[in-house]
Every structure is written in C-alpha cells, then in structure tokens.
Amino acid sequence: MKPYLGLIQELLYSTPIPVCLGKHDAVVLERIARGGGATRWYYCNSNASLNGIAANLRPGSVVSFYFDQRIADDFLSTDVKDRAEGILNETGEVIIGMLSDDMIHLNMEIVTGIDELSEYFNGIAPASRLFYGVFPARDNDGISAITVTLPDSDGIVRGHPH
C-alpha cells in the first residue's frame with residue numbers, strides 16, 4: 001500500500017487544484033473528520049505549499065480550496081476594518097486571521113461581536129496581512145472552489161461527521 005502522504009498528494013494532483021494554483025492563490029479550509037466542528041486553515045500559493053499542506057492534512061478530512069477571494073486578504077487598513085465590520089454586521093460573524101511564520105498555516109478566528117473585532121485589530125501590528133470573510137461553504141465548481149474528501153489512513157473514503 002502507498003504511504004498516506006503519497007496517496008494524498010496523488011489525490012490532490014489529480015484534481016484541477018494545480019492548474020488553478022497557476023492562476024490564483026488559495027485559502028484552504030480543512031474540516032476535520034470526527035472533529036466536532038474543528039477546522040484548520042492554510043494558505044496555498046504554489047505546488048511547494050500544496051505539498052506542505054498535504055503533509056499536514058488529517059485522514060478523513062474534507063478539504064476545500066478557495067481561489068476566488070471569498071476569503072479576502074489585504075494589509076490592515078481602515079478599509080479592511082470597515083469591510084470586516086460590515087461582514088460582522090451583515091452575518092453576525094466574521095472569520096479573520098493571519099498567516100503563521102511557516103507561511104502555510106492561517107491562524108483564523110471566528111469573531112462574533114464588534115468589541116471582539118476591535119480587540120483583535122488592536123492586538124496586531126499595523127502592517128499585518130489579514131485574511132477575512134464569511135465562513136465558506138463546501139463549494140466545488142472546479143474553478144473558484146475545489147473540495148475533496150480525503151481517505152482514511154487505510155485508503156478508504158468514508159462519510160464522517162465534519
């Protein structure tokens with residue numbers, strides 16, 4: 001049997017993900033199998049980062065790659081603050097976070113109140129690059145979003161709660 005990482009890489013490379021990465025960076029959401037709603041977020045801007053992400057993915061997860069800027073990224077500014085606040089006011093929550101030092105993981109938070117959002121902004125450096133938006137669906141049109149269900153460690157895809 002092929003090692004799990006090789007299996008995951010083969011699966012990801014068999015989708016349009018590498019072609020889409022040639023055109024746009026992606027924000028990646030991993031919904032962890034049997035994780036009680038737990039998620040992990042990544043930033044993918046090349047095949048090298050795709051390989052790094054593949055090495056971090058957990059068996060049975062549902063993984064969505066978003067290429068269409070539904071999770072926007074920009075440097076902290078008054079406009080970014082206003083847009084994040086607008087999302088919060090419209091939907092009741094906003095996801096917001098920053099790229100970690102490894103340049104792959106995104107440290108995302110769900111913010112549900114204006115005071116919490118203000119506190120978040122006050123706690124980061126003025127030149128910080130932020131990722132923010134509405135919590136995304138499991139879209140899979142092959143262009144703006146691609147979602148794959150990973151097999152378990154034995155290579156079998158099962159329907160887990162995510």
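Within the stretch 27-43, restricting attention to residues that are surrounded by 19 or more Cβ atoms within 10 Å (Cβ to Cβ) and either closer than 17 Å to T149 by Cβ or free of Cβ contacts under 8 Å to residues at least 24 places away in the same chain (or both), which residue is farthest from the chain's Cα centre (by Cα)?
Within the stretch 27-43, the first condition is being surrounded by 19 or more Cβ atoms within 10 Å (Cβ to Cβ), and the residues that meet it are 27-33, 40-43.
Then keep just the ones that are either closer than 17 Å to T149 by Cβ or free of Cβ contacts under 8 Å to residues at least 24 places away in the same chain (or both); that gives 28-33, 40, 42.
Values: V28: 3, L29: 3, E30: 7, R31: 9, I32: 12, A33: 15, R40: 7, Y42: 5 Å.
My answer is A33.
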Here the qualifying pairs (Cβ atoms under 7 Å; residues six or more apart or on different chains; first in the stretch 128-147 and touching a residue at least 60 places away in the same chain (Cβ under 8 Å) and within 15 Å of D73 (Cα to Cα); second polar (S, T, N, Q) and surrounded by 14 or more Cβ atoms within 10 Å (Cβ to Cβ)) come out as P136/S64
Looking at G92, G159, which is the one that is within 28 Å of R34 (Cβ to Cβ) and modelled with pLDDT under 95?
G159
Residue ranges of strands (runs of 3 or more DSSP E) in the stretch 76-162 with at least 1 members in contact with a Ser or Thr (Cβ under 8 Å, 6 or more places away or on another chain) and surrounded by fewer than 17 Cβ atoms within 10 Å (Cβ to Cβ):
105-111
Could you go through the stretch 44-62 and let me know if any residue there is of a type in the set (D, E, K, R) and loosely packed, with under 14 Cβ neighbours inside 10 Å.
no
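So which of A54, A26, A33 ends up being more than 19 Å from G133 (Cβ to Cβ) and at pLDDT 95 or above?
Details: A26 fails: more than 19 Å from G133 (Cβ to Cβ); A33 fails: at pLDDT 95 or above.
Answer to the check: A54.
The values are calculated or read from the model by the stated rules, or taken from the named source; none is laboratory data. None of these values were measured; they are calculated from a predicted model. Here Cβ is always computed from backbone atoms with ideal geometry, including for glycine, and neighbour counts include all displayed protein chains.
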